[in-house]
Amino acid sequence: MAASEYAIELRGISKSFGSVAANKNINLNLKKGEILALLGENGSGKTTLMNMLSGIYTPDSGSVFVDGKKVVISSPDDAGRLGIGMVHQHFKLVDRFTAADNIWIGKRNSGFFLKKDRNKQIEELVSKFGFEMDLGKTVANMSVSEKQTLEIIKVLCYGAKVIILDEPTAVLTVQEIKKLFDVCRKMKESGHSIIIITHKLNEVMEISDRVAVLRKGEYIDTVVTKQTSGIKLTELMVGHKVTLNIDRPVIEKAKPLLEVRELCVDNDEGLPAVDNMNFYIRGGEVLGVAGIAGSGQKELCEAIMGLRKVRSGKIVHKGKNLIGKNVRQIADLGVAMSFVPEDRLGMGLAPSLSVADNMILKDYFKGKGLIVDRKKAREEASEIVDKFRIATPSVDTPVRKLSGGNVQKVLLGREIKSEPNVLITAYPVRGLDINSSYNIYDIINEQKKKGVGILFVGEDLDVMLSLCDKIMVMCHGKLQGVVNAPQASKEQIGLMMTGAIDITSVNDKIAGIARDSQLTEEEWDEASDMSEVNE
């Protein structure tokens, strides 16, 4: 019998959770030595399908073939023995263990006793594929990219020939993404087959050989990457024509609304997270914040909103000092600010409450008496559902039952309903599909046109360069500089994110960056003139 050209074949795979059909009669194949991108909107069944291939779920019906042979995958151990490994979006590592120990604790047939040369095999593999990894480093001290590299090394050490990467570039810099793709190409050259789940069309076009598309749990088509385009792929994903242009409306320059000066904030461990930050936000301006995950973005947003104690510095909103005040006290000052946090269902919304009840969480205390006016809440929720095209059975549906995109629209809708003049958004499209993401961009631009000053913490530099007016870059809690987005490039911002260059060297060495992209003393004086703060 001739060897199969396919590393993996899925035939008629279906999976349901109660009355919800996650996958319906999926037929999909992965060739040996290829990189296959798996595309689909949120809720299209991508991760469920890959979880069945990696043994986390078992299909209700259908067959799986590995190297032409029909197999049954009932557990991750079965998948491992068949040479299938998955690198999940949320890493499965022991923080207190070293890189080498994290690999050895899961290795099959490694023996009871540790051998002196146990790391030799790992070192050879690291060298072969060009990984950069300190095997003696503990996971707790690793960056996000190092943890991801460790996860890939793990599955390779366990003998995986088929590697599934779930949203592998979500929190990586441009330079880290390039390194990851170089490794993927080397793995492909060595005969490995790779499936990448991603929402980033530019990366799909760059790295994949073919693209498989799912829509609402069903298989739509597989196309050769060189023979398609981002627009065609998006049409396959959503089922209708779409435009992939992010508007950047030009708004007349307004006075600064929010000034942050010499701000210092600690993280949860009491260590410096934001170190001497200086910037301000104008009305009708989208100011982007770029940086590697953990560079102080979270602490910065929480400090501005009164959710985190400030060690020193100033936060001034239209002349009112916000330092030392909590969320309620800031609201009592009449300060109109809204916050869309990174943790939608943890900090942003109450997952078990309905859409309507979540709408009134922000201002329920303003009501008279102990009775909450739920009739009014439902009316307001219905308006938000219609305005933002939120897909929900009713306004009484718990938000935890909604898709990621609709959860985000509920959160944005509630925050915008309060008519802020400063809107702070942290990773507002993380994990969302193309269609939902562009809806969010449109909502942000609508607020910009109304004169709202927007702080946009993001991770997709292509999006930030298209959406934002200026981008300030953070590295280890420090401000590396502020650049004008229309003249900036991903490469220079990526270098700033890693601390390789600051705004001075960017302006001196890279053409196209405006000299006035940094905040001038005149601009600071203008901001300070409207910020008469009683110390």
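Quick notes on this structure:
- Each residue of the chain gets 176 Å³ once the volume of the Cα convex hull is shared out per residue.
- Alpha-carbon centroid distance for the pair region 188-231 / region 123-168, whole angstrom: 23 Å
- For GLU9, net neighbour charge (Lys/Arg +1, Asp/Glu -1) across residues whose Cβ lies under 11 Å away: +2
- Counting only DSSP beta bridges with both residues in region 6-238, the antiparallel share comes to about 55 percent.
- For region 182-225, the direction-averaged projected area of the alpha-carbon convex hull comes to 3.5 nm².
- Taking all Cα pairs closer than 8 Å and separated by 6 or more residues, the relative contact order of the chain comes to 15 percent.
- Taking Cβ atoms as reference points and 12 Å as the exclusive limit, the residues near GLU206 contribute a net charge of 0, counting Lys and Arg as +1 and Asp and Glu as -1.
- Intensity falloff of region 31-174 expressed as log10 I(q)/I(0), Debye formula with alpha-carbon point scatterers, at q = 0.16, 0.21 Å⁻¹: -0.95, -1.46
- When the helices of the chain are scored as -39500 (n - 2.57) per DSSP H run of n ≥ 4 and the total is divided over every residue, the value at 222 nm lands at -9000 deg cm²/dmol.
- Around VAL139: net Lys/Arg minus Asp/Glu count, Cβ-Cβ under 15 Å: 0
- Calculated from the alpha-carbon coordinates, region 256-529 shows an Rg and a Dmax of 18.9, 63 Å respectively.
- Considering all different alpha carbon pairs of region 272-328, the Kirkwood hydrodynamic radius works out to 12.5 Å.
- Protection proxy ranking of 459-465, 226-232, 27-33, by the mean of other Cβ atoms within 10 Å over each peptide's residues and highest first, is 459-465, 27-33, 226-232.
- Whole-Hz couplings from phi, Karplus 6.51/-1.76/1.60, listed for region 351-356; x for Gly and Pro: x, 7, 7, 6, 4, 4
The numbers here are math on the coordinates, done by the rules we state, and not lab data. Since the structure is predicted, the reported quantities are computational estimates derived from the model, not experimental observations. With ideal geometry, Cβ positions are generated from the backbone for all residues, glycine too; neighbour counts draw on all protein chains shown.
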